[in-house]
Amino acid sequence: MTSDSMLYNLMLLPLVCFGAASVMMAFVVMLPGVGQALAALWTVFVGDHFFQKMKGGSSSDYSS
């Protein structure tokens, strides 16, 4: 079965939805502290990326 197959695409969508729902339930509902920590880390990384972009530097260049 190739990725151009209609059957492949029909099977892939429910698996992706189920996987996303499982991860959300595991980290947000069952372990709210872990979900909040992941959200805080994501916010810090995205904020740093935009801050570095505003400064004109690269977010991966921490040599200065």
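The values are calculated or read from the model by the stated rules, or taken from the named source; none is laboratory data. Treat the numbers as computed from the prediction; the structure is a model and nothing was measured. A quick note on method: Cβ atoms are made from the backbone with ideal geometry, for glycine too, and the neighbour counts reach across all protein chains shown.
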Among the residues in the stretch 14-24, are any out of contact with any strand residue (DSSP E or B) (no Cβ under 6 Å at 6 or more places or on another chain) and not in a helix (DSSP H, G or I)?
no
Within the stretch 1-12, restricting attention to residues that are surrounded by fewer than 10 Cβ atoms within 10 Å (Cβ to Cβ) and within 24 Å of the chain's Cα centre (by Cα), which residue is modelled with the lowest pLDDT?
S3
